[in-house]
Amino acid sequence: MAVSVPKGLEIRIFELLGRLKWLTDLRWLATIGVIAVVEFSLIALKVNLSRGPLYTCIFIMAAGNLVFVYLVKRLFTQSQSGTGAIEFRAERAQLIANAQTVFDLAVLTALLHYAGGIDNPFNFYYIFHIVIASMLLEPFHCYMQAALASALYSGLIILEHFNVLSRYNIFETAICPLGFLKTAGAAAAFTTTMIITAYITTSISQRLRLKENLLLETNMKLVDLDAKKSEFVMVVAHELKSPLGTIQFMLKSLTGGYSGATVDDKAKEQIAKVETRAAGLLKLVTDLLDLSKIKTGFGAKEFKKVSLVEKLKKAVETMNVQAKAASVTISETIDGKDEDFIIDGDAEYLDNVIINVISNAVKYNHKDGTVVISLERKGGTVVFKCKDSGIGIPKEEQHLIFEEFHRTSISKKHTTNGTGVGMAITKKIVEYHNGTISIDSEPGRGSEFTITFPVNNQRKQNDQL
């Protein structure tokens, strides 16, 4: 069986390898540039440079670059697939990136030493080496490379100051005045550093802008596809709801004797099973229809005054049948007068919220379990709580229960029934009413859902969900 590899990981490796190759190309240019500067300084400016040590550094730079070219090319051409192989390539790429940065800093320090040491104005080049490191390395490794650069240059200063390393005075035999040469060198070093840094940073920003535009375009396409999917689901669910309702009605007619046909007990038992399945399918279709309406905005309605006390009592009365069948006891507490719990909202949607929460509390409860429901007024807010003694929800999964089609690992073991959209609908409706919903749960000890609704909450019919 093939192991799927995360696309993001593959893209990151490809980008890193591309940057490593770019760095090896840049090092060839740097090698040519160093040779040109050395020869110009020796021939034209008569600067006191020692060819031997400098060309040794240049040779080491070129030889090292050949090794890095080989290693990067080898990583590019590796054909292993699978997450393990990709992660191995990622580790090797990071190792090569770190090695290249250390190598460059060491060669730069040696070149500076043999080309004037602390008097050489090209110490600015440490800066863009760290900029390059930030493109290739993880933040921690980049800071470590910056610390290494500081240590190398500080060490060079100390060793030359105490004459542990010989100082190469490159300005003694120059044909230009000493002050002019130092000033021109500092200006050249600063200018080239700024140009190289600008080139590196603009190349980064251009890639980032390109990715940002690509992400925006992809996001717009995904939003459009999601809207089309929701509309399609709504149409299909609507088309299925009517025939399913008819099937359910016909089954009830058969078992109730209203059709005029004689049905024996065994047939009634089979029809009852079909009726249960049809009811479950109708519930799924209804949930999908509600979810699609909410997501597409077709369910937006004008708010009116709604009594949460009436809604709660009606929901408890409805759910008591299911609760008794599951040997679960429902109790309710209303802390205040009925008029304290009249809010602005949509009656049908609020029914949906209360029924969904209580239904889950009953469904995922234990035998002889309890469901405790309460209403409380706090200033301009009504607080609805539903606490059960059921199976509970693991901490790491609690933030997922409000996502569409998600069912927790414990709920799947407890019952195979469930669509995973009920709480997603509940959350969207609560937020549509400018309310909040939260959960406090622990496996084996039950769950407590807390929902708050503002009392005054006007909304017009054309407002989107």
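Read the figures in this text as sums done on the coordinates, not as results from a lab. Model, not experiment: these values are computed from the prediction. Cβ placement follows ideal geometry from the backbone for every residue including glycine, while neighbour counts extend to all protein chains displayed.
Neighbours of residue 275 by Cβ distance under 11 Å: Lys/Arg scored +1, Asp/Glu scored -1, total +3.
Which aspartates and glutamates does residue 273 reach when only Cα atoms under 20 Å apart count, and residues fewer than 8 places away in its own chain are ignored? List returned: 264, 265.
For residue 75, neighbours were defined as the other residues whose beta-carbon sits under 11 Å from its Cβ, and their charges (Lys and Arg +1, Asp and Glu -1) total +4. Listed cross-link partners 211/427; 283/427; 314/378; 268/311; 324/395 are compared with a 27 Å cut-off, the Cα-Cα value being larger for 211/427; 268/311; 324/395.
For residue 252, a cut-off of 13 angstrom between C-alpha atoms picks up these aspartates and glutamates, skipping any fewer than 8 places away in its own chain: 269, 275.
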